[in-house]
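A quick write-up on the structure given underneath.
The values are calculated or read from the model by the stated rules, or taken from the named source; none is laboratory data. Keep in mind the model is a prediction, meaning the values are calculated, not measured. Neighbour counts are summed over all protein chains in view; Cβ atoms, including those assigned to glycine, are modelled from backbone coordinates with ideal geometry.
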C-alpha cells in the first residue's frame, strides 16, 4: 500500500514526486502567474491502483491552498480528482 510513500515538490524539475519500489511517480506542472497548471500524472504500471496519483494531486492542491494560488488541472486524472474532492473547489479553476 502507499502509506509509506512520501510526496515531495521538486520545483527545479516542475513536478511533484513519489518514489515507489516500482520507480518514480510524478505529477508535472507549470507554475506561473500565481497559478499551478497540472499537466500530467504518471505512475509506474506496477504501482497503479495504490492511490499514489491521488496523493500527488492532493499534495499539489494542499500546497496551492497554503500559498494562495489557483490550480488549473489540464491533466484528466487531476481534473477528475478535483471534481470528486469538492473540498478543494476554492482553489480549482477550470481550464479555459
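Values computed for the structure shown
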{"read-out": "Pairs, first farther than 19 Å from residue 33 by Cα in the stretch 72-85, second in a loop (DSSP other than H, G, I, E, B) and at pLDDT below 95, C-beta under 8 Å, six or more apart", "value": "79/95"}
{"read-out": "Which listed residue is touching a strand residue (DSSP E or B) at 6+ places or on another chain (Cβ under 8 Å) and either surrounded by fewer than 17 Cβ atoms within 10 Å (Cβ to Cβ) or touching a residue at least 60 places away in the same chain (Cβ under 8 Å) (or both), from 61, 36, 24, 56", "value": "24"}
{"read-out": "Some residue of the stretch 1-20 being assigned to a strand (DSSP E or B) and over 13 Å from the mean Cα position of the chain (by Cα)", "value": "yes"}
{"read-out": "Of residues in the stretch 1-21 being within 18 Å of residue 70 (Cβ to Cβ) and touching a strand residue (DSSP E or B) at 6+ places or on another chain (Cβ under 7 Å), the one surrounded by the fewest Cβ atoms within 10 Å (Cβ to Cβ)", "value": "14"}
{"read-out": "Check on residue 95, touching a strand residue (DSSP E or B) at 6+ places or on another chain (Cβ under 7 Å) and surrounded by fewer than 14 Cβ atoms within 10 Å (Cβ to Cβ)", "value": "yes"}
{"read-out": "Members of the stretch 63-91 that are touching a helix residue (DSSP H, G or I) at 6+ places or on another chain (Cβ under 6 Å) and farther than 20 Å from residue 7 by Cα", "value": "none"}
{"read-out": "Members of the stretch 39-53 that are out of contact with any helix residue (DSSP H, G or I) (no Cβ under 6 Å at 6 or more places or on another chain) and either without any contact (Cβ under 8 Å) to a residue 24 or more places away in the chain or part of a strand (DSSP E or B) (or both)", "value": "39, 40, 42, 45, 48, 49"}
